[in-house]
Amino acid sequence: MNLILLGAPGAGKGTQAEVISEKLGIPQISTGNILREAVKNGTECGLKAKSFMESGALVPDEVVIGILKDRIAEDDCKNGFILDGFPRTVPQAEALEKMGVNIDLVLSIDVDDEVIKARISGRRVCEKCGASYHIEYHPTKVEGVCDKCGGKAAQRKDDAPETVVERLATYHKQTAPLADFYAARGKLKRVKGLDGVEETSKVVLEAINA
Ligand code: AMP
């Protein structure tokens, strides 16, 4: 199954993508995680992306489209994948179509902006493997330590409140129109993102019949 998770930053896409990935045995592909890794390693692509990411803007389409194309060509994507954070613009969605990628379902996880702003301050992400946590709703077993790989679970730089406002504005302007794009193709399902991770997973898994 080829699945897209849509939703504002902090809506829970990453966490739900991990849950689906485990359940269906298909990889979660997070362009944000790939880009953060590239920034950390100082690659050419990372250098191009850094300033956009830090300001809450989107990285140019041609950069992320190239990353995604390479990633879905890898072996582990043969039986399907979950896109978490891609596409984020209509040209990115069109590029996927041009690549001949068939998308089975687009799941939009809907959460109000005010809830997002309150929520994101508690978010922690593993600096090593990218797993996401929340200090209240989905805490690590040991504070600051990733359950999965033992890496450091910390607040992302772009989760600072002023950057979150920018990222939400970017989302509404450039990414939210994708809901109409996929609804017009009969692919869109919407679920309400709840505070509890398990409650949200329940509606998410029901929506994809898993
Ligand atoms: P995320 O972890 O998905 O919230 O992504 C973090 C940041 O990476 C975003 O705020 C963007 O700057 C950049 N980014 C991730 N995915 C994309 C994408 N598909 N298109 C453009 N920029 C992206």
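None of the figures in this text is laboratory data; all of them are computed from the coordinates on show. Here the structure is a predicted model, which means the values were calculated and not measured. Virtual Cβ from ideal backbone geometry, glycine too; neighbours counted across all protein chains shown.
Brief remarks follow.
- When you restrict to C-alpha pairs under 8 Å that are six or more residues apart and normalise by the size of the range 60-144, the relative contact order lands at 15 percent.
- Three-way shape call for the range 92-201 based on the alpha-carbon gyration tensor, with the a/c threshold at 1.5: prolate
- For the pair A160 and N209, label points projected 7 Å from Cα toward Cβ lie 4.7 nm apart.
- The slack between T43 and E114, meaning 0.36 nm per residue of separation minus the straight C-alpha distance, is 22.0 nm.
- Cα gyration tensor category, rounded, prolate or oblate, for the range 143-210 with a/c compared to 1.5: oblate
- In terms of other Cβ atoms within 10 Å, R124, R71, R190 run from fewest to most in the order R190, R71, R124.
- Under the simplified labelling scheme, the K128-D76 pair shows an inter-label distance of 1.6 nm, with each label point 7 Å from Cα along Cα→Cβ.
- Pairs over the 32 Å Cα-Cα cut-off, from the set K48/K148; K157/K202; K69/K141; K141/K173: K69/K141; K141/K173.
- Net dipole in debye of the range 77-181 [+1 Lys, Arg Cβ; -1 Asp, Glu Cβ; about Cα centre; nearest 20]: 520 debye
- The range 9-72 and the range 86-116 have Cα centres lying 13 Å from one another.
- Ordering Q174, S201, A184 by Cα displacement along the dipole of the range 164-210 toward the positive end leaves A184 in first place; charges were set at the Cβ atoms of Lys, Arg (+1) and Asp, Glu (-1).
- Shape category assigned to the chain from the gyration tensor of Cα positions, a/c cut at 1.5: rounded
- Cβ-derived FRET efficiency at R0 25 Å, E199 paired with H172, nearest 0.05: 0.50
- Computed from the C-beta positions of S51 and M99 and an R0 of 30 Å, the FRET efficiency is 0.65 to the nearest 0.05.
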